[in-house]
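This report refers to the structure that appears directly beneath it.
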Amino acid sequence: MRGLYSGLTQVAFGLVIALSGVSCVSSMDPGVEASDPPYADKDYYSKYKDATRGGDLIVKFDVHYRLHATYLSPEFRGALVKRVEKLYLQDAGGAFQEASSKAGFIVTAYGMERESVDLANTNHWTLQFESKEGPVKPILVKKLSDKIRWRNFFETMTPWTTDYLVVFDRAAVNPNAANLVEKPMTRLTLANGEGIVKLDW
């Protein structure tokens, strides 16, 4: 009897799984297509991962800050424009125009207190970009307001992060380009009273 019950349970479970699969497929109406998340867009995602760095400031096992930055290098910007055009069916040449020819970053910041991750507050944070010309401070630190649009491109954006466009008066380069004789120094440093995070490309 126990064997029969076990067999019936397995059949019923298999039937539920099969029906669930059919149900998922049949729920898509003709002409309706879901967009790929960033990780499933292989051409975009490989360039996104190459352009993104992150670091956590951990004190006594507590994550005080979680910081990620995506370098808006010419190579990554090209991939971003293509993905915007694919998802939104619109020209994206003007995306983050302030950083079109300069070293720019999308920075996502999480802290235990939201007000503590105001990267534009120079009393609390120092941001600098280091290249072979030396370190410089940003010419723009702008909070991004349209998280709904940009979360389809930057997977480090979450409902709990504060997100910024940070631009420096230095030329943007592809740090890993094959035609470079020497890999350029490309470092973003974020510092506050609790610690320093250095991100290298």
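The values are calculated or read from the model by the stated rules, or taken from the named source; none is laboratory data. Being a predicted model, the structure only gives us computed values, none of them experimental. A quick note on method: Cβ atoms are made from the backbone with ideal geometry, for glycine too, and the neighbour counts reach across all protein chains shown.
Does THR162 qualify as being farther than 17 Å from ARG187 by Cα, surrounded by 15 or more Cβ atoms within 10 Å (Cβ to Cβ) and among the polar types (S, T, N, Q)? Against the criterion (farther than 17 Å from ARG187 by Cα, surrounded by 15 or more Cβ atoms within 10 Å (Cβ to Cβ) and among the polar types (S, T, N, Q)), THR162 qualifies.
Of all the criteria given as (1) in contact with a Gly (Cβ under 8 Å, 6 or more places away or on another chain); (2) farther than 29 Å from ALA171 by Cβ, the one not satisfied by LEU72 is (2).
When you go through VAL84, VAL107 one by one, which is the residue that is within 26 Å of LYS42 (Cα to Cα) and in a strand (DSSP E or B)? Exactly one residue qualifies, and that residue is VAL107.
Residues checked against (1) of a type in the set (S, T, N, Q); (2) modelled with pLDDT under 50:
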site: THR9; (1), (2): yes, yes
site: VAL22; (1), (2): no, yes
site: VAL32; (1), (2): no, no
site: TYR44; (1), (2): no, no
site: ILE58; (1), (2): no, no
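Scanning region 113-152 for residues being at pLDDT 90 or above and assigned to a helix (DSSP H, G or I) gives a total of 5. Within region 87-101, the only residue that satisfies the criterion of being of a type in the set (D, E, K, R) and either exposed (fewer than 13 other Cβ atoms within 10 Å of the Cβ) or within 16 Å of TYR44 (Cβ to Cβ) (or both) is ASP91.
Taking each residue of region 173-194 that is on the phi > 0 side of the Ramachandran plot and looking for partners that are at pLDDT 85 or above and not in a loop (DSSP other than H, G, I, E, B) with beta-carbon atoms closer than 9 Å, six or more apart or interchain, yields nothing.
Residues are listed down the side, and each one gets a yes or a no for (1) polar (S, T, N, Q); (2) in contact (Cβ under 8 Å) with a residue 24 or more places away in the chain:
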| residue | (1), (2) |
| --- | --- |
| MET28 | no, no |
| GLY31 | no, no |
| SER35 | yes, yes |
| LYS42 | no, no |
| ARG53 | no, yes |
| ALA69 | no, yes |
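The residues of region 167-201 that are closer than 16 Å to TYR110 by Cβ and in a strand (DSSP E or B), listed by number, are LEU190, ASN192, GLY195, VAL197, LEU199. Scanning region 101-148 for residues that are closer than 26 Å to VAL173 by Cα and without any contact (Cβ under 8 Å) to a residue 12 or more places away in the chain turns up just one, GLY134. For region 128-150, the condition holds for at least one residue, the condition being that it is assigned by TED's automatic domain parsing to the domain that holds ARG77, of a type in the set (A, V, I, L, M) and touching a helix residue (DSSP H, G or I) at 6+ places or on another chain (Cβ under 7 Å). Taking GLU155 as the residue in question, decide whether it is part of a helix (DSSP H, G or I) and either over 15 Å from THR189 (Cβ atoms) or out of contact with any Ser or Thr (no Cβ under 7 Å at 6 or more places or on another chain) (or both). No; evaluated as a whole, the condition is false for this residue.
Filtering region 126-158 to residues that are over 14 Å from the mean Cα position of the chain (by Cα) and either on the phi > 0 side of the Ramachandran plot or aliphatic (A, V, I, L, M) (or both) leaves LEU127, GLY134, VAL136, ILE139, LEU140, VAL141.
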